[in-house]
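Down below is the structure, laid out as structure tokens.
The values are calculated or read from the model by the stated rules, or taken from the named source; none is laboratory data. Since we're looking at a predicted model, the values are computed, not measured. Neighbour counts are summed over all protein chains in view; Cβ atoms, including those assigned to glycine, are modelled from backbone coordinates with ideal geometry.
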Amino acid sequence: MKKMTKLLTVSLLVLSSIMYSCYGPSENNPIDTGKGILTGKVFDSNGNGISGVKVECSGKVAYTNPIGEFTFSDLPPGARKLVNFTKDNFASNQKIVKIIDLKKTYIEAAMFQVGKVQTINTNSKATVSVSGAIVEFQANSLVDSKGNSYSGNATVKLTYFNPTDSKFIDAFPGEFMGVETSGKEVPIESYGFIDVEITSNTEKLQLAGGKPATVTMPIPAKLSANAPSSIPLWHYDTDKGKWIEFGVANKVGNSYVGQVTHFSKINCDMKYDELSQITGRVVDQDGNPLGNAWVKISGVDFAGGGQGHCDDDGTFEFIRVKANAQISIVAYYAGFYSTPLEFTSEANGQTKNVGDLVITIDPNLVSGWSQIGDLTGKYGQDFQFVNATTGWFLADGIYRTDDGGVNWSKQKDFGSGQDSMSMRAIFMIDENNGWIAGSKVYYTNDGGANWNEVDVAGKKIYFNDVFFVNANYGWVIGAESYRTTDGGSNWIKMDISGGSGSNTYLGKVFFADINTGYISSYGKLLKTTDGGVSWNEITISGIKYGIASLYFLDANTGWVVFGGERENGKLLFTNNGGATFTEQTHTAIGTLQDVFFINSQEGWICGTAGSIIHTTDGGNTWVNQFTKSNADFRKVCFVTNKIGWLFGTNKNSSILLYTDTGGEPK
């Protein structure tokens, strides 16, 4: 039975930042090879994957790919490993994982953009505020890294984390456990926290002794009725990965107000000890278990929720759940979902078995998709087909198929180091010529018989995507971005400052011809009409979500997919090169991941939870296609309007589906 082991607080269920591993029978006495595997995903407050996040664990470093995923292939085993997440303009995060030798562990983490950046004069009193959170500094209250009094301007970055936010759980550092002043470790329940960083240039500053700052944190309306008159204050110790109690905040109106003597992450948390468990099973209408179904749990009379995959036999178990709370639970599988069930969790120490969550799957529904090939154990990053038989798959190496995906042979092994998991994108111009980009760039002119490393930048650069319109004109984007007009013999660095102001956020690139191209830049769309010499941001009103994918048939006609949860994901269409966009209503269940059009009328969009949708009228209407899979589909590719493939991941392995009917039932 899959155990979902996070805490549930008074304010929310702490279950969505689930860690789960494929543990074998010998986990108590493993052979220590120092090669535990950690994979995961980092997303923002809207659920969109964040590219270019620096992930550190046990002295090793990885960077997230364009959809926020990362992999470590050789971590030393340990019961409590600290995983740090950092990126410019985002508040940092830290998660705790268990690494088991020769096993895979999966984690998720959220990072919120910094809420407020403000310059203060430290010689005077200063106030910084954002979203109702306030920090008040005394005059002359800061010291430098050596403890010397600091005078002058300082930069304050303040971010407030609302406990009723749907991604709060994943943005919460460490665990919902705290070390109280007595030294005892206890469960805690959050009423919100702030992240404060104070710097002068690159040097970090701190509060001086005897010069505390006053912090104010708003109490969300959903929690105000049960908010206590006073609440313990805690700071997060990144070296230990623990919350440490240090003071008290008092309720003043609709906020908590207290004093702090040291800044990091400051949390308003209550202590509690009433925990229960929830168990159950997911089945179809005939009682057959639906392994790997997605189970989502949420509070009815309080904020918050969590989610995770059930086990192969359909069973699931949520442990350390808030006792005597009103709960709602629903399960998803292959585009279908159960009727939401509401109930009251059991008393402290008791288990509530909710029985079978039944998902009704139409017995007359026939899938136009079938699984092809064996990609078990291969955690893929990208794939591409150039015709009905020839394709490539990017994972720990580059694999080629010449029979439509039935059999795969490895052309190049990326080795056992971090580079083996840092190749992000493949683009094949034709059967012979193609490119791979990631921590390195490779080129082939013989169909992959030989892959030759190309020095694009003269230094180590992590690239997220690569695109060529012909053998000569191509682009690679990432931490820095480059273009070539001579087939890669020479590369010219592109200045993206006219668009996003930073290359760091660049995720996807698509060119309609040698002049007109588009780049996704963390919720923004950038456009060039001179081959990448200059870039300008396209204004898209009313959209705040990150771009997951884009596809253009020509310089004017294209679709842009914005990720996020089902209620947030957006699909926009333009027929004038981005001068205006029209939102198209979609029917996908799950997070949108990729879009592909074979012509102006027919296209597909894939997403998580086994979702694939199809249109034959240019996106005006969409129809769900049945895949019989609950995989998280990451990319869709067609070579005709009938022959295509779906690539996704499922329990740290990859899965490939094939259709010769356009995905429609035969």
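Within segment 311-323, work out how many residues are part of a strand (DSSP E or B), closer than 17 Å to Asp356 by Cα and of a type outside the set (Asp, Glu). So the count comes out to 3. Candidates Thr238, Thr279: the one that is in contact (Cβ under 8 Å) with a residue 60 or more places away in the chain, among the polar types (S, T, N, Q), under 23 Å from Gln94 (Cα atoms) and in contact with a strand residue (DSSP E or B) (Cβ under 9 Å, 6 or more places away or on another chain) is Thr238. The condition of being surrounded by fewer than 23 Cβ atoms within 10 Å (Cβ to Cβ) and out of contact with any Ser or Thr (no Cβ under 8 Å at 6 or more places or on another chain) does not hold for Phe573. Here Gly532 fits the description: in contact with a Phe, Trp or Tyr (Cβ under 7 Å, 6 or more places away or on another chain) and either within 15 Å of Val476 (Cβ to Cβ) or at pLDDT below 80 (or both).
Conditions tested, residue by residue: (1) in contact with a Leu (Cβ under 7 Å, 6 or more places away or on another chain); (2) modelled with pLDDT under 90.
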{"site": "Ala347", "(1), (2)": "no, no"}
{"site": "Asp356", "(1), (2)": "no, no"}
{"site": "Ile361", "(1), (2)": "no, yes"}
{"site": "Trp369", "(1), (2)": "yes, no"}
{"site": "Ile372", "(1), (2)": "yes, no"}
{"site": "Gln381", "(1), (2)": "yes, yes"}
{"site": "Val386", "(1), (2)": "no, no"}
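In segment 207-218, the residues that are in contact (Cβ under 8 Å) with a residue 40 or more places away in the chain reach residues that are in a strand (DSSP E or B) and aromatic (Phe, Trp, Tyr) with C-beta atoms within less than 7 angstrom, at least six apart or across chains, in these pairs: Ala213/Phe137; Met217/Tyr256.
Ala109 satisfies every condition listed in (1) of a type outside the set (Ser, Thr, Tyr); (2) assigned by TED's automatic domain parsing to the domain that holds Glu56; (3) over 34 Å from the mean Cα position of the chain (by Cα) except (3). Taking first residues from segment 433-445 that are free of Cβ contacts under 8 Å to residues at least 24 places away in the same chain and partners that are among the β-branched types (Val, Ile, Thr), no Cβ contact under 6 Å between residues at least 6 apart in sequence or on separate chains turns up. Here Cys268 meets the list (1) under 23 Å from Thr164 (Cβ atoms); (2) of a type outside the set (A, V, I, L, M); (3) out of contact with any Phe, Trp or Tyr (no Cβ under 6 Å at 6 or more places or on another chain) almost entirely, failing just condition (3).
Would it be correct to say that Ala133 is aliphatic (A, V, I, L, M) and more than 23 Å from Pro173 (Cβ to Cβ)? Spelling it out, it is not the case that Ala133 is aliphatic (A, V, I, L, M) and more than 23 Å from Pro173 (Cβ to Cβ). Taken together, Ile198, Ile231, Ile188 contain a single residue that is closer than 22 Å to Asn93 by Cα, modelled with pLDDT of 95 or more and crowded, with 20+ Cβ neighbours inside 10 Å, which is Ile198. Scanning segment 520-529 for residues that are touching a Phe, Trp or Tyr at 6+ places or on another chain (Cβ under 8 Å), at pLDDT 80 or above and not basic (Lys, Arg) gives Leu525, Leu526, Thr528.
Looking across segment 372-397 at every residue that is out of contact with any Ser or Thr (no Cβ under 7 Å at 6 or more places or on another chain) and outside any loop (DSSP other than H, G, I, E, B), the one that is farthest from Leu656 (Cα to Cα) is identified as Gly397. Residue count for segment 487-519 under the criterion of being closer than 28 Å to Arg634 by Cβ, at pLDDT 80 or above, of a type in the set (Ser, Thr, Tyr) and not in a strand (DSSP E or B): the result is 1.
Checking the condition surrounded by fewer than 20 Cβ atoms within 10 Å (Cβ to Cβ) and over 30 Å from Gly68 (Cα atoms), which residue from Ser129, Ser224, Ser141 passes?
Testing whether each residue is surrounded by fewer than 20 Cβ atoms within 10 Å (Cβ to Cβ) and over 30 Å from Gly68 (Cα atoms) leaves just Ser224.
Restricting attention to segment 324-360, report how many residues are out of contact with any Gly (no Cβ under 8 Å at 6 or more places or on another chain) and either assigned to a loop (DSSP other than H, G, I, E, B) or over 19 Å from Thr627 (Cα atoms) (or both). Count: 18. For segment 69-91, the candidate set comprises residues that are assigned to a loop (DSSP other than H, G, I, E, B) and more than 14 Å from the chain's Cα centre (by Cα); within that set, the residue that is surrounded by the most Cβ atoms within 10 Å (Cβ to Cβ) is Ala91. Restricting attention to segment 422-451 and to residues that are assigned to a strand (DSSP E or B) and among the small types (Gly, Ala, Ser), the residue that is surrounded by the most Cβ atoms within 10 Å (Cβ to Cβ) turns out to be Ala437. Screening Thr164 on (1) buried (at least 21 other Cβ atoms within 10 Å of the Cβ); (2) touching a Lys or Arg at 6+ places or on another chain (Cβ under 7 Å); (3) polar (S, T, N, Q) shows it passes everything except condition (1). Just one of Asp165, Asp170 is touching a helix residue (DSSP H, G or I) at 6+ places or on another chain (Cβ under 8 Å) and outside any strand (DSSP E or B); which is it? Result of the check over Asp165, Asp170: Asp165.
When Arg566 is tested against (1) crowded, with 17+ Cβ neighbours inside 10 Å; (2) under 23 Å from Gln601 (Cα atoms); (3) at pLDDT below 95, only condition (2) is not met.
Select, from Ser166, Ser131, Ser149, the only residue that is farther than 22 Å from Glu56 by Cβ, at pLDDT below 90 and among the polar types (S, T, N, Q). Sole residue among the options that is farther than 22 Å from Glu56 by Cβ, at pLDDT below 90 and among the polar types (S, T, N, Q): Ser166.
If I go through segment 452-464 residue by residue, how many of them are surrounded by fewer than 19 Cβ atoms within 10 Å (Cβ to Cβ) and of a type outside the set (Asp, Glu)?
Looking only at that region, the number is 6.
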